[in-house]
Amino acid sequence: MDIERRLDLIREVGEEIITEEELRELLETKDKPIAYDGFEPSGKIHIAQGIMRAVNVNKMIKAGVHFKMLVADWHAWANNKMGGDLEKIRKVGKYLMEVWKVTGMDLEHVEFIWVSDYVKDDEYWKKVMQVARNSTVKRIIRCGQIMGRKDSEVLQASQILYPCMQAADIFHLKADICQLGMDQRKVNMLAREIGPKIGFWKPVVVSHHMLMGLLPPKTTASGVERSIEMKMSKSIPDSAIFMTDSREEIERKIKKAYCPEKQTQDNPILEYMKYIIFEKFDSVEIPRPEKFGGPLEVQSYEELERLYREGKIHPLDLKSATIEYLDKLVEPVRKHFETNPKARKLKEFLDSQEITR
């Protein structure tokens with residue numbers, strides 16, 4: 001595959017690439033660049049983590065990178081997830097990996113690495129210390145967004161350690177590319193700034209889009225606020241579709257979701273169509289009533305957006321289609337957790353836990 005096609009695939013993943021010139025040079029000079037993403041095992045896995053992440057990882061692998069997936073169990077511990085119980089956090093990590101077995105992630109070409117395995121290495125903690133010594137407390141607190149926290153919510157000393165660890169992860173994993181969400185941008189930029197100062201490199205940052213939550217966005221005097229609160233949240237079940245939700249749960253959540261008529265910006269149902277459904281299906285059927293023209297076969301997201309903006313697709317019809325296609329995507333995962341004894345045991349454990357921020 002030539003460089004341009006590889007770049008195009010990575011552009012499909014990256015809502016922002018810092019910088020594209022550095023990415024091009026990396027692809028031209030390194031046979032198998034290392035890209036990494038990480039996840040904090042902290043609760044049930046929603047559809048962005050389960051399907052959107054699998055889509056993005058597969059595109060990166062197709063573009064010719066070696067992909068490392070970091071199971072950030074110690075980070076979840078530092079962030080007081082699952083009541084600060086490391087053993088419970090590790091079980092959640094295994095649960096998420098079971099989901100990806102069914103969602104089509106190219107697991108043969110993904111290297112899973114547990115942070116709890118490499119914290120035994122003195123060299124890792126030297127990197128953490130180097131990051132900490134070259135950062136101010138104020139700068140680290142501003143990185144609190146990577147933990148799903150506002151600056152004012154970074155209250156525990158362990159949460160100060162978290163961004164230092166995450167920046168050090170990049171260099172310990174020898175990652176050339178940070179392929180994380182836009183919400184992780186601050187710590188990736190910290191790593192780019194600090195890397196050359198402490199004898200490492202400036203990683204390329206490929207930040208993927210953060211899927212909106214289903215609940216109405218907050219509004220301010222200046223308009224809609226795109227903030228942490230608009231993201232999906234494991235601690236707010238109605239904000240997202242989760243990978244083991246029943247058909248009834250999917251229907252209930254989508255029917256009550258924010259979906260203003262003719263509005264294509266900040267519309268979570270359209271985001272589900274763009275980033276989830278049209279990534280998995282070549283076309284989508286919208287079940288319109290006969291008096292409005294009958295069922296409509298839509299061949300691309302761009303066509304869907306145009307028709308919706310023009311009022312030719314009603315929010316209720318869009319939601320009906322979304323329910324059908326989401327259920328098709330979630331059904332194999334539900335079945336896996338019903339029929340596989342190991343997966344079922346992990347789900348039963350997670351169902352018994354209280355999920356908090």
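Quick look at the numbers
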quantity: Members of region 41-58 that are of a type in the set (S, T, N, Q) and at pLDDT below 95; calculated: Ser42, Gln49
quantity: Number of positions in region 287-319 that are in contact with a Pro (Cβ under 7 Å, 6 or more places away or on another chain) and at pLDDT 95 or above; calculated: 1
quantity: Residue satisfying condition, being out of contact with any strand residue (DSSP E or B) (no Cβ under 8 Å at 6 or more places or on another chain) and surrounded by fewer than 23 Cβ atoms within 10 Å (Cβ to Cβ), within set Leu26, Leu107; calculated: Leu107
quantity: Cross-chain or 6+ apart pairs with Cβ under 6 Å, region 44-67 first and on the phi > 0 side of the Ramachandran plot, then not acidic (Asp, Glu); calculated: Gly64/Arg6
quantity: All positions within region 66-91 that are in a strand (DSSP E or B), in contact with a helix residue (DSSP H, G or I) (Cβ under 9 Å, 6 or more places away or on another chain) and either within 23 Å of Trp125 (Cα to Cα) or among the hydrophobic types (A, V, I, L, M, F, W, C) (or both); calculated: Phe67, Met69, Leu70, Val71
quantity: Any pair with Cβ under 8 angstrom, 6 or more apart, that starts in region 105-127 at a residue that is part of a helix (DSSP H, G or I) and ends at one that is of a type in the set (Gly, Ala, Ser) and surrounded by 15 or more Cβ atoms within 10 Å (Cβ to Cβ); calculated: Val115/Ala72; Tyr124/Ala168; Lys127/Ala168
quantity: Residue in region 92-103 that is farther than 29 Å from Lys32 by Cα and outside any helix (DSSP H, G or I) present; calculated: no
quantity: Failed item, numbered, when Asp317 is tested on (1) within 24 Å of the chain's Cα centre (by Cα); (2) part of a helix (DSSP H, G or I); calculated: (1)
quantity: Members of region 336-348 that are touching a residue at least 24 places away in the same chain (Cβ under 8 Å) and in a helix (DSSP H, G or I); calculated: His336, Phe337, Lys342, Ala343, Leu346, Lys347
quantity: Residue within region 88-103 that is among the β-branched types (Val, Ile, Thr), touching a Lys or Arg at 6+ places or on another chain (Cβ under 7 Å), at pLDDT 90 or above and surrounded by 15 or more Cβ atoms within 10 Å (Cβ to Cβ) present; calculated: yes
quantity: Given (1) within 24 Å of Ile45 (Cβ to Cβ); (2) touching a residue at least 12 places away in the same chain (Cβ under 8 Å), index of the condition Thr264 fails; calculated: (1)
quantity: Hits in region 270-287 (condition: crowded, with 20+ Cβ neighbours inside 10 Å and either without any contact (Cβ under 8 Å) to a residue 24 or more places away in the chain or over 19 Å from Leu214 (Cα atoms) (or both)); calculated: Val284, Ile286
quantity: Any helices (runs of 4 or more DSSP H) falling wholly within region 1-63 and containing at least 2 residues that are closer than 17 Å to Gln184 by Cβ and within 13 Å of the chain's Cα centre (by Cα); calculated: 53-62
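This table checks each residue for (1) modelled with pLDDT under 95; (2) surrounded by fewer than 18 Cβ atoms within 10 Å (Cβ to Cβ); (3) assigned by TED's automatic domain parsing to the domain that holds Asp31.
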{"site": "Gly84", "(1), (2), (3)": "yes, yes, yes"}
{"site": "Glu111", "(1), (2), (3)": "no, yes, yes"}
{"site": "Arg139", "(1), (2), (3)": "yes, yes, yes"}
{"site": "Gln159", "(1), (2), (3)": "yes, no, yes"}
{"site": "Ala167", "(1), (2), (3)": "no, no, yes"}
{"site": "His172", "(1), (2), (3)": "no, no, yes"}
{"site": "Cys178", "(1), (2), (3)": "no, no, yes"}
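The values are calculated or read from the model by the stated rules, or taken from the named source; none is laboratory data. Keep in mind it's a predicted model, so treat the numbers as computed, not measured. Here the Cβ is made from the backbone with ideal geometry for all residues, glycine too, and neighbour counts use every protein chain on show.
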